[in-house]
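See structure below.
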Amino acid sequence: MEPSPSYGQRIERAFVGWGYWICRHRALGILVPMLVTVFFVSWLPEMQVDNSAESFLNKGEPEALRFDRFRAEFGRDDLIVIAVRPEQVFDLAFLEKLRRLHTALDGEVPYLEEITSLVNARSTRGEADTLIVEDLMEDWPETEADLAALRDRVLSNPLYRNTLVSADGTLTTLSLEPFTYSTHPAGGRTGADTDATGGFDDERAGFDDDDSRDAGPDTPTYLTSPELAEVGAAVDAVVARFQADDFEIFVAGAPTLTTTINDYMIRDLSVYMGLAFVVIGILLYVLFRRLLGVLIPMLVVFLSLLTTLGVMVVLGMPASAAAQILPIFLLAVGICDAVHLLVIVYQRLADGAEREDAIAFALGHSGLAIVMTSLTTAAGMLSFAGAELAPVAALGLITPIGIGLALLYTLTLLPALLASVPLVARSRRAGRRTSDLLGETLARIGDAAARHPGPVLAATAFIAVVALVGATQVRFSHNGMTWFPEGEPLPRASALIDHELRGSITLEAVVDTGRPNGLHEPDVLRRIEDAMRRVERIEQPPVFVGKATSITDIVKETHQALNENRADHYKLPDDRQLIAQELLLFEQSGSDDLESIVDSTFQRARVSFRIPWEDALLYPALIAEIQQELRAAFDDRAGDEIELRFEMTGLLVVLAEVFDALLTSMIRSYVLAFVLITPMMILLLGSLSRGLLSMIPNLLPVAVTLGVMGFLDMPLDVSTIMIGAIVIGIAVDDTIHFMHKFQRYYEETGDSSEAIRSTLRTTGAALLFTTLVLSGGFYIISFGTLVNIHNFGVLTALATISAFLADLLVSPALLAVATRKRATAGTPPAP
């Protein structure tokens, strides 16, 4: 009576049975994956690229909901800032050209809600008992005297200084506010029913009625990436026409950063995807020396990649700087899966097997290992699905889906194609010499490590300690301005505006009085004014608060205008009724500026703080000090009738909170990857001790990579934070093949040295090839223009090579020590 098959044998037989079935039903094996691919590819035209600041937020999180409410109530907080540096701002010829630039931008840039410059800046003045709110240059200057009066008027107005013009009068700006919401029908809008404010017709009609911008379940989507790209392209086109030596133009702001990163990303992706296909194609041809050995795996992986990208669109995931690594990653991982099958197929054909038998045997031989390596790699990436950063979380979800699709296509489409095309059997003698020489060389290296485990493990421990010292020096960073190559004008423009105008972006605070018309109270306005002055004194180099603006500025300028424009009346009135009356007059003057500063009931007010563009990790401390000063100014005092509450919001505030959790997110993801993968290794190897032991060479590349980052001052950012989990998932693939074969040979011989030599003779070449594919694919990413993606490519390639060396040297040394202890204790080889 034959003994019942083991669990492993039953799995192997199941894969063999699947191999014969798919060969007999090869048409179905080709048709179904093709139909799936066609369906998802049909969604690809709708794919969007989104690297905007709000794309980093997970929808539904409290910070994101708070930000949504802010935008619904007050509009955008991120502007496109265009700075112009002439020989002299207050010059008739320059001002005329500035007006033409203003007009061109206003007429040619789509999705533009508002543009503000010296040409149309708000000018508030009084004539007798009439309040007049008009454009600053309503009456165009014609003489030198007019210019002198304009200069004095602009530089003496605190609202203009460091906003529309630099303090020394050598630089002026144009601020462009794009629509808050999309005009696309999917976003609840169409171009036909939007007005100049970017909303529905009469969206703000009846400003004294209920606030029509309150967020609700039908709130439309934000301005889309394609729409924002149109804005950026139009701005660039206009700026290019006006750029001159005596009319130097600089463009900055968060929307500009988003569109610039998107442009670089799309350009780079097309370049290094082509390079990846070429490099991997060459490696496949070197390995198989057959054209079909190149075309079939490349086709299978390419189709699975297209399907994955289509799934991204269906799930509403935009492409991002983080997702830029997805195509190369899936290409490399998918090719490695296909290679493990093809190698066995061609070996069996060379030994004289029939085509169907060769395919079925290959699936039985490598099917389980391919499934397990796919699961461990997917588990490594799945650890990021709960990350606070939305692009990282999306990558943590879509990558396992892509790995799963690559696995399914490898187990269905690949054998079906192999069964459908002529496969030429070649003698193994032609390629045996090179393969045997490579295998024997690797076997000797591994054997040397096994015979001298002490020095190998001592060197490993030393490298690990040095790496951990370097890892402690790793710094966290998120500053898109540092990603660009030398010569990119955006970082220079941003730095210039930050220096000359004391900031190019804003932090926002929303002050709530708790009652309608609470903002009419003199004490409330004084406390807001006190808070603004306190915050303007904050300095935390290199970050600082350059300027604060709020409703108090409108109240003061209106009060001055209604008191014969006298400078000594640029202050807050002491009478509640007078404040209410003056604000009513301002509303009735035709200006809509209050709409973006207060809510319709005058209960809530927006306070904006201008700051420079710096590393997002610097903002939490700045925000904390701002909050401290606001609390000091708003704390209830004796006699205060109204309790003031506030909340910080806006893009930078929300991002600062998210990036502040970067370290926690990384540690949690790495631990989760370890927790998910370790049980799989124990289950596959059938041994607790070997499962745990196998994780040492898998963790070493992570430590080495973090150490290199620390010593070379490479920051841990939204791209490089994923390296650890990726490396753990990939390194385990080699370890699975190594440990699985070692266990088989060790059970047969009981000699660990012979088992290590046999393992490397038979699988060493395949491990080296997959390492070359993975490291080559990742290194190609380093040819990208963006520095963060370059760093990711270099570091991941380094980690992949480190993982191979760990399996070649560290694993044999560890196994030699472990088995030697078992032999000394008299324990027989594990069954």
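The values are calculated or read from the model by the stated rules, or taken from the named source; none is laboratory data. In this text the structure is predicted, and so the values were computed from the model without any measurement. Cβ placement follows ideal geometry from the backbone for every residue including glycine, while neighbour counts extend to all protein chains displayed. We work out accessible area using only protein heavy atoms, side chains counted, and drop any ligands, DNA or RNA first. Shrake-Rupley method; radii C 1.70, N 1.55, O 1.52, S 1.80 Å.
Exactly one residue among I728, I736, I721 is in contact with a Ser or Thr (Cβ under 6 Å, 6 or more places away or on another chain), assigned to a helix (DSSP H, G or I) and β-branched (V, I, T), and that residue is I736.
The sole residue among E657, E625, E614 that is open to solvent by 50 Å² or more (accessible area, probe 1.4 Å), under 30 Å from S477 (Cβ atoms) and assigned to a loop (DSSP other than H, G, I, E, B) is E614. Among the residues of the range 205-215, are any among the charged types (D, E, K, R), modelled with pLDDT of 50 or more and either out of contact with any Pro (no Cβ under 7 Å at 6 or more places or on another chain) or loosely packed, with under 12 Cβ neighbours inside 10 Å (or both)? So far as the range 205-215 goes, no, none of its residues is among the charged types (D, E, K, R), modelled with pLDDT of 50 or more and either out of contact with any Pro (no Cβ under 7 Å at 6 or more places or on another chain) or loosely packed, with under 12 Cβ neighbours inside 10 Å (or both). Over 27 Å from M381 (Cβ atoms), under 25 Å from the mean Cα position of the chain (by Cα) and part of a helix (DSSP H, G or I): does that describe Y619? In short, yes. Before we move on, is T482 closer than 30 Å to A322 by Cβ and surrounded by fewer than 22 Cβ atoms within 10 Å (Cβ to Cβ)? For T482, the condition - closer than 30 Å to A322 by Cβ and surrounded by fewer than 22 Cβ atoms within 10 Å (Cβ to Cβ) - is met. Take the range 594-608 and flag every residue that is of a type outside the set (V, I, T), open to solvent by less than 30 Å² (accessible area, probe 1.4 Å) and touching a helix residue (DSSP H, G or I) at 6+ places or on another chain (Cβ under 8 Å). Within the range 594-608, L594, D599, F602, A605, R606 meet the criteria.
Just a yes or no: is a residue in the range 785-802 closer than 16 Å to D734 by Cβ, assigned to a helix (DSSP H, G or I), aliphatic (A, V, I, L, M) and open to solvent by less than 10 Å² (accessible area, probe 1.4 Å)? Scanning the range 785-802 turns up at least one residue that is closer than 16 Å to D734 by Cβ, assigned to a helix (DSSP H, G or I), aliphatic (A, V, I, L, M) and open to solvent by less than 10 Å² (accessible area, probe 1.4 Å).
Filtering the range 345-369 to residues that are closer than 24 Å to V773 by Cα and open to solvent by 20 Å² or more (accessible area, probe 1.4 Å) leaves Q347, R348, H365, L368. On the stretch given as the range 42-67, residues that are out of contact with any Ser or Thr (no Cβ under 7 Å at 6 or more places or on another chain) and either part of a helix (DSSP H, G or I) or over 23 Å from H478 (Cα atoms) (or both) total 13. The sole residue among D106, D139, D77 that is open to solvent by 10 Å² or more (accessible area, probe 1.4 Å), assigned to a loop (DSSP other than H, G, I, E, B), touching a strand residue (DSSP E or B) at 6+ places or on another chain (Cβ under 9 Å) and of a type outside the set (S, T, Y) is D77. A single entry from H559, H569 fulfils the requirement of being without any contact (Cβ under 8 Å) to a residue 12 or more places away in the chain, over 19 Å from A632 (Cβ atoms) and open to solvent by less than 60 Å² (accessible area, probe 1.4 Å): H569.
State whether the residues of the range 477-493 include one that is part of a helix (DSSP H, G or I), in contact (Cβ under 8 Å) with a residue 60 or more places away in the chain and of a type in the set (K, R). Yes. Which residue pairs have Cβ atoms under 7 Å apart, sit 6 or more places apart or on different chains, and have a first residue in the range 609-622 that is without any contact (Cβ under 8 Å) to a residue 60 or more places away in the chain and a second that is outside any helix (DSSP H, G or I)? Filtered contacts from the range 609-622: P620/D660. Annotation: I551 fulfils all but one of (1) touching a Ser or Thr at 6+ places or on another chain (Cβ under 9 Å); (2) among the hydrophobic types (A, V, I, L, M, F, W, C); (3) crowded, with 19+ Cβ neighbours inside 10 Å; the unmet one is (1).
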